[in-house]
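Q: After the structure tokens below, expect a handful of questions from me.
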Amino acid sequence: MHEDIIVSRCGSLVATVYIPPVLILGLILFGMLIGAGAQLLLGGSSHGIDWPMAFASGIAGSFAGGLLSSLLAGDGLALRPSGIIGSLVGATLVTAAWQWRRRRTS
């Protein structure tokens, strides 16, 4: 693993971890798929999948739900079924709230 050592202003050493761009792309695609799955679970749209909403709800729901369920299950930050299920539940809650707000303001 490639790490850079940076000296902060107060003189302490800070290690930064290199995150490959492919990992970031994979996380974005995973979030979009989870968000699309949440929309399919909820239904409600005859126009297909709203991809901007799938992106936003997938990323937010995956972060909140996946991280929380993985930590509660004791899996840490490893990719486990509890994190994937938590991601889907979190994205479903975010999508439901988004659709409720959209219907309320229309």
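The values are calculated or read from the model by the stated rules, or taken from the named source; none is laboratory data. This one's a predicted model, so the numbers in the text were calculated from it and none came from an experiment. All Cβ positions, glycine included, derive from the backbone under ideal geometry; neighbour counts span all protein chains shown.
Q: Within the set of pairs 6 or more residues apart or between chains, which connect a residue that is modelled with pLDDT under 80 inside the range 80-97 to a residue that is buried (at least 17 other Cβ atoms within 10 Å of the Cβ) and polar (S, T, N, Q) with Cβ atoms less than 7 Å apart?
A: Close Cβ pairs satisfying both conditions: 80/70; 82/69; 82/70; 83/69; 83/70.
Q: Let me ask you something else. With respect to residue 49, is the statement that it is outside any helix (DSSP H, G or I), surrounded by 10 or more Cβ atoms within 10 Å (Cβ to Cβ) and either touching a Lys or Arg at 6+ places or on another chain (Cβ under 7 Å) or at pLDDT 80 or above (or both) true?
A: yes
Q: What are the residues in the range 62-79 that are at pLDDT 75 or above and within 18 Å of residue 23 (Cα to Cα), if any?
A: 62, 63
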